[in-house]
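Notes for the one structure printed next.
Bear in mind these aren't lab numbers, they're just calculated from the coordinates by the rules spelled out. Quick caveat, the model's predicted, so the values are computed rather than measured. Please note: Cβ atoms are built from the backbone with ideal geometry, for glycine as well, and neighbour counts cover all protein chains shown.
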Amino acid sequence: MDFLNIHLDGFQRHLLGEGYAPSAAKNYRFRASTFLKTSPNALNAGKIEAREIVESYIATVPRNTAATIPASAVRR
């Protein structure tokens with residue numbers, strides 16, 4: 001298991017602990033994995049640089065992707 005998967009597993013466990021449905025936690029893990037594969041330098045960036053990387057990534061995501069988020073992703 002590599003460094004990225006260890007952190008993604010921790011992220012998914014954190015979401016489950018916060019009350020997210022298993023399918024929602026899996027969906028967010030997938031999205032985080034996709035982001036980190038396109039921007040691997042985000043892991044080593046400082047807070048300001050990481051925010052800029054995230055904002056530039058969000059700008060490239062099509063606006064209609066909200067339709068793909070399952071209803072279970074909404075917190076109870």
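Here are the numbers:
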| quantity | calculated |
| --- | --- |
| Approximate spin-label separation Ser33-Glu52, in nm, with each point projected 7 Å along Cα-to-Cβ | 3.0 |
| DSSP-assigned coil residues among GluC sites (Glu not before Pro) in the range 1-65, each with at most 11 further Cβ atoms within 10 Å | Glu18 |
| Whole-Hz ³J(HN,Hα) from phi, Karplus 6.51 cos²θ - 1.76 cosθ + 1.60, for the range 8-20, glycine and proline x | 5, 4, x, 4, 5, 5, 4, 4, 4, x, 7, x, 6 |
